[in-house]
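Below: the structure, in structure tokens.
The values are calculated or read from the model by the stated rules, or taken from the named source; none is laboratory data. Remember, predicted model here, so these are calculated numbers, not experimental data. Note: ideal-geometry Cβ built from the backbone for every residue, glycine included; neighbour counts use all protein chains shown. The protein model used for the area step is the full one, side chains on, heavy atoms only, and it has no ligands, DNA or RNA in it. Shrake-Rupley method; radii C 1.70, N 1.55, O 1.52, S 1.80 Å.
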Amino acid sequence: MTASPLVPVPIPDRVAALIGSCMPIGILQAEVDAECAAREAHRFRAPLCPEDQADREHALAALARANKVLAAYNPGLVLRPGGGLFSH
């Protein structure tokens with residue numbers, strides 16, 4: 001049985017640590033940066049004041065930078081602003 005790509009399946013911390021230990025540190029940092037930026041961009045809702053619009057654009061730029069690093073390593077790691085993986 002396979003898990004649906006729409007339903008997140010939690011993995012134990014030890015398994016996540018094992019997976020992380022096999023990845024380059026730059027990729028792990030990009031993954032953390034992408035998660036934070038995606039959450040930050042998602043929290044803004046219209047209508048936006050100019051300060052909120054600037055903050056949202058900054059978060060989207062950070063997400064784009066992190067996604068560029070992640071896509072070069074594995075395109076399946078790319079995140080969208082809502083925090084989920086892009087479905088290919």
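If you scan region 45-81, which residues turn out to be of a type in the set (D, E, K, R), within 24 Å of M23 (Cβ to Cβ) and out of contact with any Leu (no Cβ under 9 Å at 6 or more places or on another chain)? Break it down stepwise before answering.
Quick first cut of region 45-81, residues of a type in the set (D, E, K, R) only: 45, 51-52, 55-57, 65, 68, 80.
Okay, now just the ones that are also within 24 Å of M23 (Cβ to Cβ), so 65, 68, 80.
If the condition is that a residue be of a type in the set (D, E, K, R), within 24 Å of M23 (Cβ to Cβ) and out of contact with any Leu (no Cβ under 9 Å at 6 or more places or on another chain), then R65, K68 are the ones that fit.
In the set (1) under 17 Å from the mean Cα position of the chain (by Cα); (2) surrounded by 10 or more Cβ atoms within 10 Å (Cβ to Cβ); (3) modelled with pLDDT of 90 or more, the condition left unmet by A54 is number (1). A search for C-beta distances below 6 Å between a residue of region 1-19 that is open to solvent by less than 90 Å² (accessible area, probe 1.4 Å) and any residue that is at pLDDT 75 or above, counting only pairs 6+ apart in sequence or on different chains, returns A3/V9. Comparison of V78, V32 shows that the only residue that is open to solvent by 60 Å² or more (accessible area, probe 1.4 Å), of a type in the set (A, V, I, L, M, F, W, C) and under 25 Å from V7 (Cα atoms) is V32.
Output the number of residues of region 10-21 satisfying the condition of being more than 16 Å from the chain's Cα centre (by Cα) and under 18 Å from V78 (Cα atoms). Qualifying residue count, region 10-21: 1. Within region 28-48, the presence of a residue that is over 15 Å from the mean Cα position of the chain (by Cα) and part of a helix (DSSP H, G or I) is excluded.
Among residues of region 60-81 that are closer than 17 Å to E40 by Cβ, those with a beta-carbon under 8 Å from a residue that is open to solvent by less than 40 Å² (accessible area, probe 1.4 Å) and part of a loop (DSSP other than H, G, I, E, B) at least six positions away or on a different chain give the pairs N67/V78; L70/V78. For the criterion of being surrounded by 11 or more Cβ atoms within 10 Å (Cβ to Cβ) and without any contact (Cβ under 8 Å) to a residue 60 or more places away in the chain, A46 fails.
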